[in-house]
Amino acid sequence: MRAMTPFFLSLSLAVTAWAQRANPSFDPVKDVSLRFEKGAVVLTVPAGAHLKASFMDIAKMAGPGTLKMGKLPPTTAKDELGDGIWHGSVKVPVSGDGLSGVVTLQVTYQPCTEGEGGVCYPPTTRPLEVKAVEIPAATPAEKLPVLPLEKAVETPKVEVSAAPVAVPPMPAPRSSLLLPLLLVFLAGMGASLTPCVYPMIPITMAIVGAKGGGKARGFLLSALLVLGMAVTYTTLGVLAARSGAAFGAFAQKPAFLIPVSLLFAAFALSLLGAFEIALPPSLALRLQGDGTRKGFGGAFLMGLVLGPLSAPCVGPVIGAVLVGIAQQGDVWLGGLQLFVFSLGMGVLFLAVGTFSAGLPKSGEWLTRFKHIMGLVVLGFAAWNLRLVVPTWVNLGMWTLVMLAGAAVFGAFEAAAGLVGQLRKGLAIVLLAVGVLLGLRAVESFLGVDLLPRGGIAAAAKEEHAGWLEQDLEGALAKAKAERRLVLVDIYADWCAQCKELDEKTWPDVGVKQWIAQNAVAIRIDTDAKRKDLATKLQIRSYPTVLLLDAEGRELRRILGFQKPETMRAWLEGK
């Protein structure tokens with residue numbers, strides 16, 4: 001056995017290495033199978049490949065009726081960009097209304113191969129014909145089934161997946177549901193402390209007659225008021241979830257992210273005291289009534305209208321929750337989350353109504369809490385736009401967030417006592433971070449270095465030092481003048497293998513030395529910035545590396561991520 005051990009170890013390493021190599025003959029159409037089975041579109045990729053969740057979409061072509069894509073199953077792993085991916089087979093449920101005959105579905109997906117030579121292909125759209133009778137009907141009360149995902153067996157490292165193995169459907173673990181609900185509950189409690197809600201609690205409880213009528217009556221009135229709030233917010237959750245994955249996909253696009261983020265930024269500035277957002281006085285008076293709404297029915301009605309009354313402060317929190325619910329597309333979970341949110345918001349109402357508890361008076365603490373909530377909402381607006389704006393804009397937004405945080409925590413105020421000193425210390429840290437981010441934003445915009453760089457940041461900048469960006473014509477002219485070759489790195493922002501190539505291959509000393517001696521290097525995004533070159537250069541997958549002569553004639557190309565030693569050998573023509 002001891003003599004055989006080295007043999008088996010070598011064999012296992014060889015099998016692992018073979019599994020990690022990408023399939024060079026992978027075809028994004030032929031090698032991804034589509035079929036319709038039990039109310040779901042089933043997509044299957046071979047071992048050594050995966051599908052990205054961010055580009056999955058199913059729509060209906062021309063014809064009567066409507067089609068809705070259900071909730072996407074959980075992903076099995078994440079790629080280098082942190083995006084969710086599926087290995088093996090994935091089942092995406094659909095439902096329809098008013099369909100007839102044969103329905104042609106448009107299935108959009110993005111496949112990637114893994115390991116050395118792995119590439120990401122552009123999103124592919126293919127037709128799939130399905131009989132209308134096979135598509136389950138969508139009813140308002142029906143919850144679309146979450147069909148099981150045939151997952152690959154995962155190892156602690158998820159760069160490479162083993163062959164897909166079918167597993168039976170498993171219910172969502174309770175722990176995965178409890179944490180989101182707890183966070184939503186805490187968000188509701190925080191919302192009850194906002195200036196739009198907190199001062200209204202004793203007034204509202206007095207209006208419905210919960211104070212001074214005994215603990216039992218006070219509890220029942222308070223519970224009915226909270227139930228009315230729950231009806232309002234739960235309805236919003238159900239409506240958001242019913243919009244389903246179509247809204248979830250739209251919510252990832254700049255056309256949605258930018259206006260929503262601007263709206264949240266306006267809410268944040270209002271909370272920070274820049275201006276006031278309030279309902280029209282006539283509408284507010286109509287909702288509040290004349291103070292005669294006592295009794296159980298009145299308590300319930302007051303709960304129904306508390307949602308609109310608290311919108312100026314609760315709106316940003318509710319908006320963030322609703323976006324997440326719409327992306328999940330789960331009607332039951334969407335309603336449950338907003339129901340739990342309303343319970344958290346109603347804790348103080350229950351306490352005051354039951355025990356006639358006196359709340360602490362509004363004062364500086366409430367104003368500061370309002371400002372902190374504004375800071376959180378402003379940070380959410382900046383984070384929401386991180387993938388759709390240039391780097392310098394992103395850095396500039398976070399600069400504003402940090403400077404606002406410094407002001408909120410009193411960087412420019414006198415501090416007394418230990419708590420005050422600690423608060424001011426945090427404010428000074430935020431101020432310093434804001435100044436540094438501002439300088440980085442200026443650097444990114446002007447393309448200059450104002451501050452020294454080190455560690456990962458230096459390596460990230462150095463890996464493409466001296467490379468041209470997008471200007472193939474200029475690179476060819478420079479190569480012709482210097483009698484050099486042209487090395488073209490074709491990439492896309494959504495390409496995980498492109499990022500891997502940037503991190504592991506281009507910084508290699510041998511690769512950099514060959515480029516410095518022999519070629520003019522250029523990076524081109526043919527997916528978003530230079531689409532005109534995609535056809536001319538015959539780009540079908542990302543990353544693609546080309547070696548051209550000074551006249552623009554292709555000498556050779558290599559696809560996908562390559563290790564430094566492989567890239568060196570390719571550059572040298574071996």
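What follows draws every value from the coordinates through simple rules; no lab data is involved. These figures come from a predicted structure and were not determined experimentally. Using ideal geometry, Cβ is built from the backbone for each residue, glycine included, and neighbour counts are taken over all protein chains shown.
Note on ARG556/ALA62: beta-carbon distance plugged into 1/(1 + (r/R0)^6) with R0 of 45 Å gives a FRET efficiency of 0.50. Going down the list LYS480/LYS512; LYS478/LYS563; LYS30/LYS574; LYS504/LYS574, which pairs span over 23 Å between their C-alpha atoms? Long pairs (Cα-Cα over 23 Å): LYS478/LYS563; LYS30/LYS574.
Within the stretch 389-451, the proportion of Cα pairs with more than 16 Å between them is 48 percent.
Please give the FRET efficiency for LYS574 paired with VAL448, using the beta carbon to beta carbon distance and R0 = 41 Å, rounded to the nearest 0.05. Walk me through the numbers on the way to the answer.
Numbers: r = 39 Å, r/R0 = 0.96.
In this case the efficiency is close to 0.55.
May I ask for the percentage of alpha-carbon pairs in the stretch 22-134 that lie more than 19 Å from each other? Cα-Cα pairs in the stretch 22-134 separated by more than 19 Å: 44 percent.
Two decimals is fine: what's Rg over Rh for the stretch 461-571, C-alpha atoms, Kirkwood radius as Rh? Provide the component values of the computation, followed by the final result.
Values: Rg = 12.7 Å, Rh = 13.8 Å.
We get a ratio of 0.92 for the stretch 461-571.
Quick check: residue separation of PHE355 and LYS215 times 0.36 nm, minus the Cα distance between them. What number comes out in nm?
Numbers: separation 140, 0.36 × 140 = 50.40 nm, distance 0.61 nm.
Net length gain for the segment: 49.8 nm.
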